[in-house]
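Note sheet for the following structure.
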Amino acid sequence: MQKDVLISSILHNEVKPLKKSDLVGDALSYMDKNAISSVVITDENNAPIGIFTERDALKIVSNAIDCDTQLLEVMTKNVFCIDVDTYIHDAYVLMEQYEYRHLVVVNDKNEYMGVVTEGDFLRYMGFEDVADAKLVKDNMNKSILTVMPETSLIEVAKLMTQKKCDYAVVMSDTKPQSVIHERDITKFLSKRTEIDEASIEDVDQHHMYVIKKDASLKEASDMMQQHGVHQLIVVDTADVLVGLISRHDLLKAVHRSYFDYLYKTIEAKAQREKELIRHKEELERLANYDQLTKLPNRLFFQTYLKKSVARTIRNKQKVAVILFGLDRFKDINDSYGHSIGDEVLNIIKQRFLKRAREGDFLARLGGDEFGLILENINSIDDVSNILKEMLSAISATAELSNGVELHIEASAGVTLAPKDSMDVGELLQYADSALNDAKKSHKGYFSYYANEMTQKAQEKVAFENALRNSIKNGELELYYQPQVYIKTGKIISAEALIRWNHPTNGLVNPTVFIPISEESGIINAIGEWVIHEACRQGKIWEDAGYNLTIAVNVSANQLKYQNIPKIVQEAIYESGYSANKLEIELTESALMQREESVVEMLHLLRAKEIRLAIDDFGTGYSSLSYLKRFPIDILKIDKSFIDELPYNKDDAAITVAVIEMSKALGYQVLAEGVENEEQLAFLKEKGCTMYQGYIKSKPLPAKEFEALIRACLG
């Protein structure tokens, strides 16, 4: 059986389908007239919705169903359809797998095209593939339905339906007399309306043809063709009935022979195919990959970029095309030789791959030039951040095999699709222009093709560099906002808030530089400085006799990458500040991101007598069950719930709930952002412990805050 022949070549399509409103009697007459074993029922769009077969006709007899019944009520509805472009081999495998006798064929619009039966498969495959060595006894059906001549037709139909038999052998004493099959009953039913009293003897029966069990399948197939029958009775040497072999059994044997042949063919060709695949892979590697670094080459890069741009346009996204050029690479080759230059290129490749995201496409375009395609980018910042990481990784000192240490730098040019262009050639040209600009302006830097993007990226990098140097340049300062005990009105603590005095821009709003410091990782160094500076200033006030607690914020980034207990311990030790006067504030969301490790960290801090607070409470997603695990002293109600007190009922309800919950858990409550007397009166009435906000004071530099304390005491 050839695999590349379509089912349409053996399609039986001269018989037209019926409609669901047609009667059982119509179907039976139609099947008898055309000598067919089934009829398909279609809807008004010519789509198959059911099939009525000779087996369904048996159910008509066994269940005494009226022939005037509509086909809709008796047809088999789970009709199995295959596409007209299905290969014959695949169609037969499906037919055998699901034990179907008919396959309904449809086109790509699900319109009825025709029916394929076992007979169609057998006529196509022929009997010549069945070897003489295959015997009837090894392929016959040993489970035989036998009946006596006087058995009623209804009983025979029931037995054939229950046992799913196509044929029943009629016995006379112990000898087989004849064979009755589904079509005989269907033909009888199409011409008779009264069947209650009918017996097998009333049905026209086929002559029985007998074959010995030791005969070959070739003999059995020849006999079936000669007499035009679909089955043979199988007897032993004493003419005792031992089985029945049908056209279905022959078809299975033919198909097995095909698989035997196919397996031998595949086995014989396996080695040759492996060699061809290996040769093809080698040719592909030579055509598409750089031989030194094993990265994709320029040709592959261009091919991939074309597909990438198409995907980007289709998904309405952005793609960045980046060209990297090593700075002074020619000097390396001239000074140390090309073998060292090759070593450098492979080091650079490894550093690129280590920093690349999953899905990024890296290639060596030739010489000292690499290309990178970034898909799934949301903003220019995404590209800038990746570039900074890669250029930073490249610039790390490399120790070469000759013992020489080299400081390698690279520059990069960036262009964006579809903004700058959708043409691969233009994108590479623009990225190359941007690379040249980067090399001219500053080694180890990057430029965007669009000038405004380059300027924006440069400004951000400059801003980050200035922020990175702010600590050593003494530009950072802590401001302090008082926290007041509501019952007495006394200042009992202060929150330390970072401020940056930029050398040219002046005081920078924290809402501007804090997000950038978190994104770049600078927040870790700044956060550590804040803890040390707060303890230093706290010690000064402690020695001056001011009984104050200093609260310091710790970011989620610090929790993830820093050892907070160690930093706190060092700050306490260096400053001499009392540990029980330092309070660490963590946001609700930061606590939940690293729940298990945070619980352990908080208990370590608690063991050192450090006070602990949850900042911005109510804006995250913690629950009571989580809160009980944290050794917390204070819950700080976020300003967003205080702003509209006491008039906003929802905010009022939430605030009261937090206060009551805190009392139950033994926490103190601090309200943030209190700005007027009405808010303060409401909080006092509901039992809030502390507040901070502009009603008392805005955040102040240390000297002004100290003056405020003295004024309150005086």
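Results, tabulated for the structure shown:
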{"item": "Hits in segment 389-445 - residues which are among the hydrophobic types (A, V, I, L, M, F, W, C), loosely packed, with under 14 Cβ neighbours inside 10 Å and within 21 Å of residue 461 (Cα to Cα)", "result": "396"}
{"item": "Matching residues in segment 652-703 - criterion: being basic (Lys, Arg) and either outside the structural domain of residue 481 (by TED's automatic domain parsing) or under 17 Å from residue 487 (Cα atoms) (or both)", "result": "663, 684, 686, 696"}
{"item": "From 202, 196, 166, residue being surrounded by 19 or more Cβ atoms within 10 Å (Cβ to Cβ) and among the charged types (D, E, K, R)", "result": "166"}
{"item": "Scan of segment 505-535 for residues that are among the charged types (D, E, K, R) and surrounded by fewer than 16 Cβ atoms within 10 Å (Cβ to Cβ), ordered by number", "result": "519"}
{"item": "Leading residue by the ranking (surrounded by the fewest Cβ atoms within 10 Å (Cβ to Cβ)) among those in segment 669-689 that are out of contact with any helix residue (DSSP H, G or I) (no Cβ under 7 Å at 6 or more places or on another chain) and either of a type in the set (Ser, Thr, Tyr) or not in a helix (DSSP H, G or I) (or both)", "result": "676"}
{"item": "Residue ID - nearest to residue 37 (Cα to Cα), chosen from residues in segment 83-106 that are among the aliphatic types (A, V, I, L, M) and without any contact (Cβ under 8 Å) to a residue 40 or more places away in the chain", "result": "95"}
{"item": "Filtered residues of segment 405-426 (kept if among the aliphatic types (A, V, I, L, M), assigned to a loop (DSSP other than H, G, I, E, B) and closer than 19 Å to residue 349 by Cβ)", "result": "408"}
{"item": "Which numbered condition residue 357 misses (of (1) in contact (Cβ under 8 Å) with a residue 40 or more places away in the chain; (2) more than 29 Å from residue 340 (Cβ to Cβ); (3) in contact with a Leu (Cβ under 9 Å, 6 or more places away or on another chain))", "result": "(1)"}
{"item": "Any hit, segment 46-60, residues being in a loop (DSSP other than H, G, I, E, B) and assigned by TED's automatic domain parsing to the domain that holds residue 88", "result": "yes"}
{"item": "Residues within segment 303-333 that are acidic (Asp, Glu) and touching a helix residue (DSSP H, G or I) at 6+ places or on another chain (Cβ under 9 Å), tallied", "result": "1"}
{"item": "Sole residue being at pLDDT 90 or above and either within 43 Å of the chain's Cα centre (by Cα) or among the hydroxyl-bearing types (Ser, Thr, Tyr) (or both), chosen from 709, 642, 632, 695", "result": "642"}
{"item": "Elements of type helices (runs of 4 or more DSSP H) contained in segment 547-608, each with 2 or more residues being touching a residue at least 12 places away in the same chain (Cβ under 8 Å) and of a type in the set (S, T, N, Q)", "result": "556-561, 564-575, 588-593"}
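The values are calculated or read from the model by the stated rules, or taken from the named source; none is laboratory data. Since we're looking at a predicted model, the values are computed, not measured. Note that each Cβ is placed from the backbone with ideal geometry, even for glycine, and that neighbours are counted across all protein chains shown.
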